[in-house]
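The values are calculated or read from the model by the stated rules, or taken from the named source; none is laboratory data. If you're wondering where the values come from, they're calculated on a predicted model, not measured in any experiment. Cβ coordinates were reconstructed from backbone atoms using ideal geometry, including for glycine residues, and neighbour counts include every protein chain displayed.
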Amino acid sequence: MRQLTMILVLTGLILGVPERGKADWTAASSIRAESFYVPSSALTLGAWTTVQGGTDYELAGYAIADPFQINLEYQAGILDADIANINTYLYPANAAFPPGHTDGTWTKNFSDNDQYVLNVNPAGGLTVYTYPAGALGSGFNEVVDPSIEWTLTAWHQTILAGDIVDNGDGTTTLRVQPKGTYRPFVNDPPVNNVEVFDGSLDTEVLAYRVSGDASSIGDGSTLLSEPRGCHPFVIRNGSGSGNPPTIQTNDVYVADATEFIISEGGMKAGLGSNDLNRTTIEKIGELSITRYDDTTRFTGGSGPAVAPYFNLWVTDGAGNYAVIGNEPSNPAFQPLFTENPDGSMSYHLSYADLADKRAKIYETPGWNTNTSWVHDLFGSDPLTFADIASLQINPPPVSYITDASNGVGSGAPDDIDTYYAYGFNWVFGDTLSNYVSGGEGYVVSGCVASVAPVPEPGVLGLVGVGLVGLVRRKRRS
């Protein structure tokens, strides 16, 4: 997405602005609420290649075979219009785009993929490149970093980099480090007409996941994106009509809310997030959502009155997965669904809120007979979230979900078409008709799934003592 000969600075950088700037163009509440949103996409690798930058640089790595999308988040200090222009770089004309948008023919904002290469070394020590280059072989703006195990680079600029995690299930994760950080081209002068700021930026991409171990990454590999934020998806169609649940924008109560209409039994939809992936249950900081439709139209305490419920994909790190669900209709859980001054209802859940609550096990062999791998580790039902606090939140790969021997049913929280799964999910609907919404659906916004802040170093030792014994802690039956 780089290296234009004409430099045109648009709205520019605003330094020290505590709130997001909007200039004369009104953005949605997040990039994912924009009508022109295109999700950050997978990377498809080609053969090992060398990209030449004239006499300035030479980059070797696996070619990126297809155009790809990497979105930046709306964030403080940068105009929303500038972020939107990057996320739609050289897209065809669209009236919803900010003023000054450069129209083109691209459908992904990195359609100069022929200039990009991916490098992988599980031992670390890869070179991180910074624009501009010096003379070929000079090493100018090139730093060998022992902690960097993969890089995505073009035009002598590494835009993403990070470390590698073996998931223990035949797949590998390439994490973006620092977490979710895009490394922009230096704005001195700008290298194109949209990348007009400096400093590390928040990107939608948290990681990429690929089949096989790190040594098998190469020509033909597909790296699936793990985007941040909350993403709506269909889990299952209705059991009678076969129709999918309706997912649509609803601006009646607040701007950019999402409405889930569950019109019959069997319908299920989710609002999924990867923001908790590869952390443990005990490190949950906040699980939040606000609901605006009239909950009093349902019987108090019933499923639809206190919906949505949540599902977590968890793993033991050895290739086993299960879904952990809460029971929102359980009387012990209902006080956590609180009313706001405007009449809306919200969940703002921390691990402390969940610790003593019942945790239900699903989507794994033996889940309903106390013989699953989760029960083997922690004991028979009933289990609480404290009992299973050491389990890692992480979704299974598609190959696991589609393998019938793993006991993953049609109601498991994964996309009905692609089988893609998110680690955390707010869920709407159920197998029976007990979560049918009626004509108006569940109207929600403010989806958050965050990790608890890391304690200050001086406190960390004391906290660590308190956590000893959680791993493989088994309840008394």
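A few notes on this one:
- Of all residues in region 168-182, exactly one satisfies the criterion of being touching a residue at least 40 places away in the same chain (Cβ under 8 Å), assigned to a loop (DSSP other than H, G, I, E, B) and among the charged types (D, E, K, R), namely Asp169.
- Within region 235-280, being under 26 Å from Ala389 (Cα atoms) and among the acidic types (Asp, Glu) holds for one residue alone: Asp275.
- Selection from region 255-278 of residues that are hydroxyl-bearing (Ser, Thr, Tyr) and closer than 24 Å to Arg32 by Cα: Thr258, Ser273
- Residue count for region 440-454, restricted to those that are touching a helix residue (DSSP H, G or I) at 6+ places or on another chain (Cβ under 9 Å), surrounded by fewer than 20 Cβ atoms within 10 Å (Cβ to Cβ) and assigned to a strand (DSSP E or B): 1
- Meets criteria (surrounded by 17 or more Cβ atoms within 10 Å (Cβ to Cβ), more than 23 Å from the chain's Cα centre (by Cα) and acidic (Asp, Glu)) for Asp112: yes
- Qualifying positions in region 138-159 - touching a residue at least 24 places away in the same chain (Cβ under 8 Å) and over 14 Å from Val210 (Cβ atoms): Ser147, Ile148, Thr151, Thr153, Ala154, Trp155, His156, Gln157, Thr158, Ile159
- Answer from Ser344, Ser372, Ser405 - the residue that is of a type in the set (Ser, Thr, Tyr), in the same structural domain as Glu286 (by TED's automatic domain parsing) and surrounded by fewer than 16 Cβ atoms within 10 Å (Cβ to Cβ): Ser405
- Total residues in region 219-262, condition among the aliphatic types (A, V, I, L, M), in contact with a Leu (Cβ under 6 Å, 6 or more places away or on another chain) and under 17 Å from Val443 (Cβ atoms): 0
- Checked against (1) within 17 Å of the chain's Cα centre (by Cα); (2) in the same structural domain as Phe424 (by TED's automatic domain parsing); (3) modelled with pLDDT under 95, Leu201 passes all but condition (2).
- Exclusive hit being buried (at least 21 other Cβ atoms within 10 Å of the Cβ), touching a helix residue (DSSP H, G or I) at 6+ places or on another chain (Cβ under 6 Å) and touching a residue at least 40 places away in the same chain (Cβ under 8 Å), set Ile284, Ile261, Ile217: Ile284
- Whichever residue in region 333-356 is at pLDDT 95 or above and part of a helix (DSSP H, G or I) and, among such residues, is farthest from the chain's Cα centre (by Cα): Leu336
- Figure legend. Inter-residue proximity from region 421-433: first residues crowded, with 24+ Cβ neighbours inside 10 Å, second residues at pLDDT 95 or above and of a type in the set (Val, Ile, Thr), beta-carbon distance below 6 Å, spacing 6+ or different chains. Indicated pairs: Gly423/Ile393; Trp426/Ile289; Phe428/Ile262; Gly429/Ile262.
Listed here are the residues, each with its yes/no results for (1) hydroxyl-bearing (Ser, Thr, Tyr); (2) surrounded by fewer than 22 Cβ atoms within 10 Å (Cβ to Cβ).
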| position | (1), (2) |
| --- | --- |
| Thr158 | yes, no |
| Asp166 | no, yes |
| Leu174 | no, no |
| Leu223 | no, no |
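- Residue check for Asn192: assigned to a loop (DSSP other than H, G, I, E, B) and over 30 Å from Ala386 (Cβ atoms): yes
Residue-wise test of (1) among the charged types (D, E, K, R); (2) within 26 Å of Leu276 (Cβ to Cβ).
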position: Leu201; (1), (2): no, yes
position: Glu204; (1), (2): yes, yes
position: Ser216; (1), (2): no, no
position: Arg228; (1), (2): yes, yes
position: Phe233; (1), (2): no, yes
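- Within region 117-150, considering residues that are among the aromatic types (Phe, Trp, Tyr) and part of a loop (DSSP other than H, G, I, E, B), the one surrounded by the most Cβ atoms within 10 Å (Cβ to Cβ): Tyr131
- Verdict on Ala318 being in contact (Cβ under 8 Å) with a residue 40 or more places away in the chain and crowded, with 22+ Cβ neighbours inside 10 Å: no
- Residues (small (Gly, Ala, Ser) and in contact with an Asp or Glu (Cβ under 8 Å, 6 or more places away or on another chain)) located in region 171-203: Gly180
- Exactly one residue out of Tyr62, Tyr91 is assigned by TED's automatic domain parsing to the domain that holds Ser147, surrounded by 14 or more Cβ atoms within 10 Å (Cβ to Cβ) and not in a loop (DSSP other than H, G, I, E, B): that is Tyr62.
- Candidates Ala359, Ala412, filtered to the one that is assigned to a loop (DSSP other than H, G, I, E, B), modelled with pLDDT of 95 or more, within 24 Å of Ile284 (Cα to Cα) and not β-branched (Val, Ile, Thr): Ala412
- Residues satisfying the stated conditions in region 373-398, i.e. assigned to a loop (DSSP other than H, G, I, E, B) and over 28 Å from the mean Cα position of the chain (by Cα): Gly379, Ser380, Asp381, Pro382
- Gly162 falls short of the stated requirement of being touching a residue at least 12 places away in the same chain (Cβ under 8 Å), farther than 16 Å from Asn71 by Cβ and part of a loop (DSSP other than H, G, I, E, B).
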